[in-house]
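The values are calculated or read from the model by the stated rules, or taken from the named source; none is laboratory data. Bear in mind that the values here come from a model prediction, so they are computed numbers and not experimental data. All Cβ positions, even for glycine, are placed from backbone atoms using ideal geometry, and neighbour counts span all protein chains on display. Areas reflect the complete protein model, heavy atoms only, side chains present, ligands, DNA and RNA absent. Shrake-Rupley method; radii C 1.70, N 1.55, O 1.52, S 1.80 Å.
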Number of protein chains: 2
Amino acid sequence: MPTNSLPADPAHRYFEDYPVGAVFDLGTFCFSEAEIIEFATRYDPQAMHIDREWAARGPLGGVIASGWHTIAGMMRLVADNFLPGNGLPSPGIDEVRWLLPVRPGDTLSVRATVTDARRSRSRPDRGLMTSHVEVLNASGNPVLTMKPMNFIRCRPAG
Amino acid sequence: MPTNSLPADPAHRYFEDYPVGAVFDLGTFCFSEAEIIEFATRYDPQAMHIDREWAARGPLGGVIASGWHTIAGMMRLVADNFLPGNGLPSPGIDEVRWLLPVRPGDTLSVRATVTDARRSRSRPDRGLMTSHVEVLNASGNPVLTMKPMNFIRCRPAG
């Protein structure tokens with residue numbers, strides 16, 4: 001698959017830079033066990049995320065990251081390397097799928113493919129971009145996929 | 001709408017406790033401006049979430065919470081007050097919708113309605129529960145809605 005590139009300065013990215021079919025590799029992230037437990041203790045305190053001993057006895061063999069933590073790690077790369085820096089709020093996301101558990105030390109890469117891009121009729125200063133975002137493990141298998149929608153400002157005329 | 005209750009101890013909650021149509025009020029949460037900026041600085045560093053001065057000049061009049069932060073606040077109440085404590089990983093979520101901006105000091109309440117519950121044929125020790133989760137502001141308007149799926153263990157026989 002081709003990999004496209006965006007203007008390096010996020011403030012110079014516009015709707016026109018996200019054509020349908022463009023694929024963007026956004027980088028990698030990795031969580032330590034301590035980070036997994038810290039995030040989940042605060043936001044998602046289920047035993048599989050925070051209880052080392054309980055998780056070690058179960059089928060997963062140890063704690064796994066909260067699915068929302070995996071998304072937060074992905075979002076950091078989406079914010080840094082994909083969306084414009086001066087963006088607009090997103091209306092939503094479809095089909096969030098957690099496909100494989102994320103464990104401490106897993107190196108995860110993030111890839112975004114633009115699947116739809118349509119200029120707004122009612123607000124011609126922006127367009128709605130839909131993408132397919134995949135978080136892949138070191139073997140290239142998806143651990144998380146989703147279909148976000150984002151409003152992106154159009155490049156100013158002149 | 002009726003409000004149901006779950007066994008107080010999360011370890012005693014089973015699939016059978018989540019009948020279709022049951023409505024659960026899960027409590028409230030609220031973010032300070034400092035918390036909004038802290039979460040977003042780490043996971044979603046877009047100007048609308050972390051740059052007080054930029055945000056104050058824009059149409060929103062100040063920083064708004066990352067949509068993922070709002071979900072994290074919701075998830076804490078879902079983990080504490082809705083799901084069993086010894087749960088199974090979720091396969092995914094459909095139709096995440098951010099409907100209104102969340103600002104510092106907003107008191108948000110979380111409500112979950114069971115919309116589907118079917119026992120697994122291939123793994124009869126569990127069922128798949130689908131719910132509609134709403135995060136409401138003090139005026140009762142939804143700021144966030146989503147449709148999570150969760151596998152829940154069935155009550156052991158005897």
Here the relative contact order (percent) of segment A:1-116, from C-alpha pairs under 8 Å and at least 6 apart, is 42 percent
Nearest 10, in degrees from 0 to 90: the angle of helix A:33-43 to the longest Cα principal axis of chain A is 70 degrees
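In square angstrom, what is the accessible area per residue of chain A with a 1.4 angstrom probe? Display every interim value, and only then the final one.
On the way: 7230 Å² over 158 residues.
Accessible area per residue, chain A: 46 Å².
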Within 10 Å of the Cβ of an average residue in B:37-48, the count of other chain Cβ atoms is 5
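Between B:D9 and B:L60, what length in nm is gained on full extension when 0.36 nm per residue of separation is reduced by their alpha carbon distance?
On the way: separation 51, 0.36 × 51 = 18.36 nm, distance 4.13 nm.
Once the chain is fully extended between B:D9 and B:L60, it gains 14.2 nm.
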Taking a crude spin-label model, label points 7 Å out from Cα along the C-beta direction, the A:D116 to A:E38 distance in nm is 3.9 nm
Inter-copy distances for A:D80, nm, shortest first, label points 7 Å along Cα→Cβ, are 3.1
So the FRET efficiency between A:H132 and A:N86, C-beta based with R0 = 25 Å and rounded to 0.05, is 0.55
Checking A:T41, A:T28, A:T113 against a Gaussian network model of chain A (alpha-carbon springs below 10 Å), the top fluctuating residue turns out to be A:T41
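Using a 10 Å cut-off on Cβ atoms, rank the peptides B:122-128, A:16-22 from the highest mean neighbour count down.
Details: B:122-128: 13.4, A:16-22: 15.7.
Ranked from most to least packed, the peptides come out as A:16-22, B:122-128.
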For chain B, longest principal axis from Cα atoms; helix B:67-81 axis from its Cα atoms; angle between them, nearest 10 degrees, is 30 degrees
A 1.4 Å probe over the protein heavy atoms gives the protein assembly as shown a carbon and sulfur accessible-area percentage of 52 percent
Taking r as the C-beta separation of A:E95 and B:T107 and R0 as 25 Å, the FRET efficiency to the nearest 0.05 is 0.25
So the A/B interface buries, both sides summed and with a 1.4 Å probe, an accessible area in Å² (nearest 100) of 3200 Å²
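Probe radius 1.4 Å, ligands and nucleic acids left out: which of B:T70, A:T115 has the largest accessible area, and how do the rest follow? Please list the in-between numbers first.
On the way: B:T70 5, A:T115 75 Å².
Largest to smallest exposure gives the sequence A:T115, B:T70.
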